[in-house]
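The values are calculated or read from the model by the stated rules, or taken from the named source; none is laboratory data. This one's a predicted model, so the numbers in the text were calculated from it and none came from an experiment. Here Cβ is always computed from backbone atoms with ideal geometry, including for glycine, and neighbour counts include all displayed protein chains. Surface accessibility is based on the protein's heavy atoms, side chains included, excluding ligands, DNA and RNA. Shrake-Rupley method; radii C 1.70, N 1.55, O 1.52, S 1.80 Å.
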Amino acid sequence: MATVPVVLVLHVLLGAAAAACAVAVDAAAAAAGSSKVAAAGSSKVPAIYVFGDSTADVGNNNYLPGGGVPRANFPHNGVDFPTSRPTGRFSNGYNGVDFLAVNMGFKRSPPPFLAVANKTNKQVFRGLLGVNFASAGSGILDTTGSSIIPLSKQVEQFAAVQRNISSRVGTGAAGTLLSRSLFLVSTGGNDLFAFFSRKNSTPSDADKRRFVANLVALYQNHVKALYVLGARKFAVIDVPPIGCCPYPRSLHPLGACIDVLNELARGFNRGVKDAMHGLSLSFQGLRYSVGSSHAVVQSIMKHPQRLGFKDVTTACCGSGRFNGESGCTPNATLCDNRHQYLFWDLLHPTHATSKIAAAAIYNGSLHFAAPINFRQLVEDDRY
């Protein structure tokens, strides 16, 4: 697809999503003092179950012990969230999962698992509206990150929720609910960063191929485990061009993108796309969509002004070169025009970027989500 049509598509999608998102954000603000996390209007799926890293975390890491845990439960994070409070999202407001949930008729992402794990009397823990298991700093590999919740453990946590649902509503009803629910997975970037960081020199092509193949195989195993537990609809988010984030740029002598990281991301994305296709052929009833945050970010970087952005290299909040040498803390430099920045901090997108990405992935063309978009996946009612 040519670049200009892609940008025009983003324009149209963003405009179409704006009104619905505004209504949902207003509703969230009105309910900010309440612990209730119900659907805003009529939701299009029974529940959303979220797995992944800091691109999807909405506060699980707030509940983990230890000083080395990646957290975002302090200012300036959340400055544009309803009531301007930090929640654990690595964003000035909503993240991509929140906006995708809005498109599905919810107020925002379901709550973090660890926030509701001990509230067994709450409907939300029963799993009837969904749970977010994502943990910042985690990866597909158990060795990625420390003091966090790896993807394997997130799947185990979902298994506990699945048992809880079955015990409350019965096995048959639980199976129906889960088969119609959406399982959203956004992970992989931290594994690629870890691989890049532990190599003392540029990895060989063979090293990269081997690592990516092993990573994709493990990813596939996690998807299979969720399928066995009842998941049928998989909404997968690929890895963006992580070599162009402010942190990698700060490491480059010329401030350019780090090509090795971007190459790893492209290889991983191709592998996941092929793996999901293979699984859909092998596992009865498995449906999926791969949403391309990679394509969205590339489009924004190529033509920023057409989409309302003025800065696509520097973080809005941070310090050092490109504001990418440290995270967003209360003492960090904070930009004024947050909606004009692609990046919120050294690695994560702004509220504005996430809004565009969610609109493109949910309603967009094959350039942004394939083999169908998230809306088509959600509306597939064959189950």
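Accessible area per residue of the chain at 1.4 Å probe, in Å²? Walk me through the numbers on the way to the answer.
Numbers: 15230 Å² over 383 residues.
Ligands and nucleic acids excluded, the result is 40 Å² per residue.
Return the carbon/sulfur percentage of the accessible area of region 253-383, one whole number, probe 1.4 Å, all protein chains in place. Please report the intermediate quantities before stating the final value.
Working: 2780 of 5620 Å².
That share works out to 50 percent.
Determine the share of region 125-242's accessible area contributed by carbon and sulfur atoms, expressed in whole percent, with a 1.4 angstrom probe. The partial results should precede the final answer.
Numbers: 2240 of 4430 Å².
C and S fraction of accessible area: 51 percent.
Let me know the whole percent of all Cα-Cα pairs from the chain that are separated by more than 34 Å.
Here the tail beyond 34 Å accounts for 20 percent of pairs.
Which of the aspartates and glutamates could a cross-linker bridge to LYS310, judged by Cα under 16 Å and excluding same-chain residues fewer than eight apart?
ASP336, ASP345
Which far-off residues, 5 or more places away or on another chain, put their amide H under 5 Å from the one on SER326, with H placed in the peptide plane?
Result for SER326 returns SER319.
Strictly over 19 Å apart at the Cα level, which of LYS107/LYS233; LYS208/LYS273; LYS224/LYS273 would you flag in this model? Before the final figure, lay out the partial values.
Details: LYS107/LYS233 21 Å; LYS208/LYS273 17 Å; LYS224/LYS273 15 Å.
Pairs exceeding 19 Å: LYS107/LYS233.
Using only the alpha carbons of region 82-234, what is the convex hull's orientation-averaged projected area in square nanometres? Walk me through the numbers on the way to the answer.
On the way: hull surface 43.0 nm².
Result: a mean projected hull area of 10.7 nm².
Under a Cβ-only charge scheme (Lys and Arg +1, Asp and Glu -1), can you give me the dipole magnitude of the chain about the Cα centre, in debye to the nearest 20? Walk me through the numbers before you get to the answer.
On the way: 35 positive and 21 negative charges, 148 e Å.
Its charge dipole is roughly 720 debye.
Per-residue HN-Hα couplings for region 77-94, Karplus 6.51 cos²θ - 1.76 cosθ + 1.60 at θ = phi - 60°, whole Hz, x for Gly and Pro?
4, x, 4, 10, 6, x, 6, 6, 10, x, 10, x, 6, 8, 6, 6, x, 7
What is the distance in Å between the Cα centroid of region 72-118 and that of region 150-205?
19
With all pairs of different alpha carbon atoms counted, what Kirkwood hydrodynamic radius in Å does region 180-263 show?
14.6
Go through region 284-295 residue by residue and turn each phi into a ³J(HN,Hα) via Karplus (6.51, -1.76, 1.60, θ = phi - 60°); whole Hz please, and just put x for glycine and proline.
Ordered by residue, 3J(HN,Hα) equals 4, x, 6, 10, 8, 9, 9, x, 9, 5, 4, 5 Hz.
Just how much of GLU156 is accessible, in Å², when a 1.4 Å probe is used and the result is rounded to the nearest 10?
110
I'd like the accessible area for VAL45: 1.4 Å probe, protein heavy atoms, all chains in place, Å² to the nearest 10.
Its accessible surface works out to 0 Å², give or take rounding.
Got a sec? Charge dipole of the chain, +1 on Cβ for Lys and Arg, -1 for Asp and Glu; which of SER293, HIS222, GLY170 is way out at the positive end?
Toward the positive end, the furthest listed residue is GLY170.
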